[in-house]
Amino acid sequence: MLRYLPLIFLLAACSRDPLVLEVIETKEATAETGLQTIEGIVEGAMSEDQTLLDEHEDLTIKFAYRLTEGSKADLLLEGQYAFSLDQARLKDMPARTKMEVTPDSWQDIEISYKTATDDNPALIVAAYLNGNLLYYQQPLKEKADGPLSIKLVSGQVEIADVEYSRSAGRGSTVDPAGNIILNVPLLRYELYDLEPGTEDVKDWASMEPVVTGYTNRFDINYLREGKNAFALRFFGKLHVPETEEYTFQMWTSNPARGRFYVDGDERLHRGGDQSTWRANETLSLSEGVHDVRVDYIQKGGWNAFNLGYLVGNQGKMSFNSMDGPKAIARPGGTSTLEVEMDEYPYLLRSFLYYPAPKVYEASDKRTHVISVGEGQGPHYSLDLQSGALLQVWRGGFADVHEMWDGRGEPQVMKPLGNSLVLDGRMQWATSASSSWPAFPDDPDEDDFAHRAHELDEAGRPTFLYSFGPGEVSDKIVPDGTGLLRELTFTAGGNPEAFTQVAAARTITETAPGQYALRGPGLKITIESYDGKGLSLQRGGGMDRLIAQIPAKGHIRYRIDW
Amino acid sequence: MRYLLSITAVLLCLSLSAQREDDYYKIEKVSIPKGVELEVGGMDFMADGRLAVCTRRGEIWLIGDLEKEASYVQFARGLHEPLGLAVRDGAIYVSQRGEVTKLEDTNGDDRADRFETVYELPLTGNYHEYHYGPLFRPDGSMMATMNVGWEGGGVSRVKWRGWMMRYDVDAKELKPYAAGLRSPAGFGTNAQGDIFVAENQGDWIGSGRITHLAEGDFAGHRESLVWADQPGSKVKTRLEDIHDDHKTMYAARKALGTVKLPAVWFPHGILGISTAAIITDRTEGGFGPFAGQMLVSDQGQSKIMRVSLEKVEGEYQGAVFPFREGFASGLLRMNFNKDNTLYAGQTARGWSATGGKEFALERLRWTGKVPFEMYQIKATENGLEVEFTQPVNPATVRASAFTIQNFTYLYRKAYGSPVVDIKDNAIRSATLLPDGKTVRLELAGFRPGFIYEVKLKNIRAADGTGLLHDFGYYTLNAIPGGGGGADAGADDTSEAMTGEYVAAKRPTEMPASWNGKVDTELLLESTPGMKFKQTFLTVKAGAKVRLTFRNPDDMQHNFLLTSGKKGNVVGKAAEGLGLKGLAEGYIPDMDEVLVHTRLVEPDTNDVIYFEAPKKPGLYEYICTVPGHYQSMRGVLKVE
């Protein structure tokens, strides 16, 4: 109780109660996910089993859930396959990593699911808890035919933010700027062995694939399984969001051959030892679903394949291909090299994929990141160019295999535990009335810069930044299973600053100074604050809890999960 | 035919077996405790005599008791691949990937507790965006260099990649200083305090070299010029000025006037493959007879080269000589201790080095004996003057004791360059000057813009001592007096300049007798760290093979199939090829070589056709780019 005394004193001393939230709506557009909500279902506390979809086949389902201590609930896919929400795993099929589900904290689950066909069993294409990979390309056993439902086994479960699509992966979207993002949600592929030197394949029917499976990208080098002479065929359904002229471009390495088919017609062909740099074709594609197919034939030599498109003035876009400026995570990569820990905190600077990439999804690299770990956590990563807390996790600290093995080309650290990814926008701003500032294109040209960090006796750092009219500091220390964060602002005169305490899809006040977050599932408790007030900024699909900090002011709060 | 005159360095070395580097300079090991991965990225001595070392894994170690069982204290850790360290006023400065950081220990417990960002650098996340330095200048400012990124070729996607930068500590301002750098892993000052930067072979960089950099200079790598018109830049060269049509840097300099020529070229494979640290011998004789000269280390060949410089027509040029080889790992950093020993910080992870160890810390100690060496080479109006460290036996001074050729490198976007336009220089006269130590050589075909290989045989000191090293390379950017020499200079576009090389053992067409059918398709790939990805391949005896050698690495590699367990024999022969090797893609002309690819550029491939040996057995294959064959090898099993 004593620790709250300053806060109570503070509440009494202010003219306006600083913990009363002022809500600010911004005009920021929400990013298009390609998913839709489900009509007629009950979000919130469930008192009984609930059917989400009466029937389904291919599916991407994404929702948040929260269980009370000891509660048990299952998500049933096609009425048959049970995914335990309390254990974050399929029945009888251990996940890649065992993940603890903290009671009373919101969890984000995302599963893409491929229904069984005559030839193939049903498949969990990918499943993520809070963005951490649980399953990838996991076949299920029997055939099934039933609804998508949540079965309440015992206790209490709440659900929220339920979204879905009837495809097993991310489909095409139109982003807020009007750009058309074409993407085939899932590609079925077939791998064939070829006689070395085979120039072309015409009679596919006479051949038997040696491997069949699903993938999200034309990742030839990964899918060829080490073969030098082979063919790969990809089949998918492309949803075209708007009728337009689309110019497709295909590039293959010499001496590979590629063909691209739309609705059964060959539209692009590049092959053999031809010298043209790439094949081009402009197609008028109508809104709606089109069958697409790629045949890739490698008689030997170096493999490479990229398919891209141009539409309007968008510039070249990648089409389910591995090229492009962003980092793309492959499903493999199981070797780890763990940082050796001792009694002092370990401060590790590195690049970081942000947000943590999903398999075959593109991700940015943050380049000035410091991760701070001690013991079994909690640990955290900070972005020194924005001051933002990027992720928090418990368990092991850091895998540096991609930094210290060989040349360490990615220079990326990976958290060893199940990380919760936080908002990566700027930590500080000079105003809260407009959209909270995004990570800048040129971080070295803004008025925020890391100046120094200092270690205390225990080796824990305080980060010092220059910011606008003054300086800010940030100290984060583990406290039990959570983190305690203190932010200060120092400036001459009377300028004010604003700091983002937390950002999430939804922030709910549970008591004065206490907030429950969903997406990510954190709890925030303000312990000490001497500013004018807090505001909740809403826009772009996010809630942002923002605190005004006067010159020489501070805020201290707990982060629990 | 002109190559016939070239006698390989190996043969010459054999005839000089009486002289050993170890008699003059001894390598001593500094102990490293188990568990410390001392992959040296940078180092400097502290006021208390300890050596501060930063490692590629981000640690800083303070190493004391250097003469005995060395003591190690961890000062800091978790830095982002720091590749340079300097001690200044009790603080340690390091260049991390994203910034220069000042580290201080404010409570005296030998542990850094304050990390100050001196300045921050933008990055894209490309692994090749390395950052080196800082080097403090007498005025308190600091210099640092920054690699270009690598995307199958150099790229400068963010400011100021490919530049040397100067940071004004008082004004807290980072200013562009000079451009045109690719992978400037080391830089330092000469005895006069002028800054020299070492450069690694790559795109636009035909071979290793050192270049004097003054403010506003452009040292050759094109991509940095994307920022040349930005505020603060004094560089006059522009992107569009630089293209392959210049053929040579010398010609580009003639055409543009703004290209800074290397002061000294280091022939790739002969004197290094990856130049790194530059340090001047400021021991005033405490380290031997080369006071005031520069030493340049090499990462890949685990050795040190020595440089003598002179100023001709206002600019530096000079000679490079072998100095000391045999270090344990990749020699990235050098520092003199107060006792005039030279400390050598080493690492090889990801870029294997001749020494073979993953990392090492060693020191080089002068034994007090003066070797008989070429001390320096200087240019005259019609030739070269070679000064020796000791008086020369006049009877051994004759024209036939010298063999001189000159050559140059292509200036082009493609990776590296073969040796091109090799010409012999007939020696008109060789005269011992009155000082008894200097031989004046009058040369035919003396032309500026070329590198002169000077090889000696049977020259003896007055006391009968033979030479420790018998070759050196002088870079003739200008002839004293500004003469044009006997030739027009390295701007001709004759057939000699194309660098194309066609070989009998590189069959790139499928033999017609195969009727379009291949029995076996082999794919071989390079992988970072000078290795083949596939180290074991199998074929049937006599099979018709199409082999694709694909090189996704960021340096050149080749493939040579040997006639059995002949990897070492062929590898050594390739290393001894000298200039001829450079000109012909490191393929020794010997029966042990069955087939080979061309020198394959990064991100390209080469396809060859051959029939597998008829006799079952194991056939080694190797890459013969200098420094590679020890690690880059595999076995073809013929069944």
Testing residue B:352 on (1) within 14 Å of chain A (Cβ to nearest Cβ); (2) among the polar types (S, T, N, Q); (3) closer than 30 Å to residue B:193 by Cβ, one condition comes back false. Which one is that?
(3)
If you check residue B:520 against the conditions, is it touching a residue at least 60 places away in the same chain (Cβ under 8 Å), farther than 17 Å from residue B:350 by Cα and facing another protein chain (nearest Cβ under 9 Å)?
yes
Among the residues of the stretch B:147-171, which ones are within 14 Å of another protein chain (Cβ to nearest Cβ) and acidic (Asp, Glu)?
B:151
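Kindly provide the set of residues from the stretch B:97-111 that are closer than 22 Å to residue A:351 by Cβ and either free of Cβ contacts under 8 Å to residues at least 40 places away in the same chain or small (Gly, Ala, Ser) (or both), ordered by number.
Within the stretch B:97-111, the first condition is being closer than 22 Å to residue A:351 by Cβ, and the residues that meet it are B:97-101, B:103.
Of everything in the stretch B:97-111, those that are closer than 22 Å to residue A:351 by Cβ and either free of Cβ contacts under 8 Å to residues at least 40 places away in the same chain or small (Gly, Ala, Ser) (or both) turn out to be B:97, B:98, B:99, B:101.
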Tally of residues being within 13 Å of chain B (Cβ to nearest Cβ), under 20 Å from residue A:132 (Cα atoms) and assigned to a loop (DSSP other than H, G, I, E, B) across the stretch A:358-399:
1
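Pull up the stretch A:457-468, narrow it to residues that are more than 17 Å from residue B:77 (Cβ to Cβ) and touching a strand residue (DSSP E or B) at 6+ places or on another chain (Cβ under 9 Å), then point me to the one that is modelled with the lowest pLDDT.
Here is the first cut: in the stretch A:457-468, the ones more than 17 Å from residue B:77 (Cβ to Cβ) are A:457, A:462-468.
Of the ones still in play, those that are also touching a strand residue (DSSP E or B) at 6+ places or on another chain (Cβ under 9 Å) are A:462-468.
Values: A:462: 98, A:463: 98, A:464: 98, A:465: 98, A:466: 97, A:467: 96, A:468: 90.
That would be A:468.
Quick check on residue A:171: is it of a type in the set (Gly, Ala, Ser) and under 28 Å from residue B:519 (Cβ atoms)?
Working: of a type in the set (Gly, Ala, Ser): yes; under 28 Å from residue B:519 (Cβ atoms): no.
When the stated conditions are applied, residue A:171 does not pass them.
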Give the number of residues within the stretch A:535-553 that are in a strand (DSSP E or B) and within 29 Å of the chain's Cα centre (by Cα).
11
Given (1) within 30 Å of residue B:406 (Cα to Cα); (2) surrounded by fewer than 24 Cβ atoms within 10 Å (Cβ to Cβ); (3) modelled with pLDDT of 90 or more, number of the condition residue B:580 does not satisfy:
(3)
Looking at the stretch B:523-538 only, could you name the residues that are surrounded by fewer than 21 Cβ atoms within 10 Å (Cβ to Cβ), more than 8 Å from chain A (Cβ to nearest Cβ), touching an Asp or Glu at 6+ places or on another chain (Cβ under 8 Å) and touching a residue at least 24 places away in the same chain (Cβ under 8 Å)?
B:527, B:534, B:538
Could you figure out which of (1) outside any loop (DSSP other than H, G, I, E, B); (2) in contact with a Ser or Thr (Cβ under 6 Å, 6 or more places away or on another chain); (3) within 30 Å of residue A:44 (Cα to Cα) isn't true of residue A:454?
(3)
With the stretch B:504-554 as the region, which strands (runs of 3 or more DSSP E) entirely inside it contain at least 2 residues that are within 13 Å of residue B:608 (Cβ to Cβ) and within 36 Å of the chain's Cα centre (by Cα)?
B:520-527, B:544-551
What about residue A:405, is it within 10 Å of chain B (Cβ to nearest Cβ), more than 28 Å from residue A:27 (Cα to Cα) and free of Cβ contacts under 8 Å to residues at least 24 places away in the same chain?
no
Every residue from the stretch A:334-357 that is more than 9 Å from every other protein chain (Cβ to nearest Cβ), crowded, with 20+ Cβ neighbours inside 10 Å and of a type in the set (A, V, I, L, M, F, W, C)
A:352, A:356
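Residue-by-condition table, conditions (1) crowded, with 18+ Cβ neighbours inside 10 Å; (2) at the interface with chain A (Cβ under 8 Å from one of its Cβ atoms):
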residue	(1), (2)
B:112	yes, yes
B:135	yes, no
B:140	no, no
B:145	yes, no
Flagged in the stretch A:449-468 as closer than 17 Å to residue A:371 by Cβ and at the interface with chain B (Cβ under 9 Å from one of its Cβ atoms), in numbering order, are A:450, A:453, A:455, A:459, A:461
Which members of the stretch A:478-512 meet the condition of being buried (at least 18 other Cβ atoms within 10 Å of the Cβ) and touching a Leu at 6+ places or on another chain (Cβ under 6 Å)?
A:499, A:501, A:502, A:504, A:507
Can you tell me which residues in the stretch B:407-453 are crowded, with 18+ Cβ neighbours inside 10 Å and either among the small types (Gly, Ala, Ser) or in a loop (DSSP other than H, G, I, E, B) (or both)?
B:410, B:411, B:412, B:416, B:417, B:418, B:430, B:446, B:447, B:448, B:449
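Determine which member of the set A:435, A:473 is away from chain B (no Cβ under 14 Å) and either within 30 Å of residue B:159 (Cβ to Cβ) or assigned to a strand (DSSP E or B) (or both).
Values: A:473 fails: away from chain B (no Cβ under 14 Å).
Testing whether each residue is away from chain B (no Cβ under 14 Å) and either within 30 Å of residue B:159 (Cβ to Cβ) or assigned to a strand (DSSP E or B) (or both) leaves just A:435.
Pick out the one residue from B:189, B:117, B:145 that is over 16 Å from residue B:274 (Cβ atoms), modelled with pLDDT of 95 or more and under 18 Å from the mean Cα position of the chain (by Cα). Steps first, please.
Working: B:117 fails: under 18 Å from the mean Cα position of the chain (by Cα); B:145 fails: over 16 Å from residue B:274 (Cβ atoms).
The match here is B:189.
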Residue B:119 being within 14 Å of chain A (Cβ to nearest Cβ) and part of a strand (DSSP E or B)
yes
Conditions (1) within 24 Å of residue B:353 (Cα to Cα); (2) hydrophobic (A, V, I, L, M, F, W, C); (3) part of a loop (DSSP other than H, G, I, E, B) -> residue B:261 fails only (1)
Tally the residues that are closer than 21 Å to residue B:116 by Cβ, in contact (Cβ under 8 Å) with a residue 60 or more places away in the chain and within 14 Å of another protein chain (Cβ to nearest Cβ), restricting the search to the stretch B:56-91.
1
Provide a single number: the residues in the stretch B:93-105 that are at the interface with chain A (Cβ under 8 Å from one of its Cβ atoms) and not charged (D, E, K, R).
2
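The values are calculated or read from the model by the stated rules, or taken from the named source; none is laboratory data. Since this is a predicted model, take the numbers as computed values, not measurements. Please note: Cβ atoms are built from the backbone with ideal geometry, for glycine as well, and neighbour counts cover all protein chains shown.
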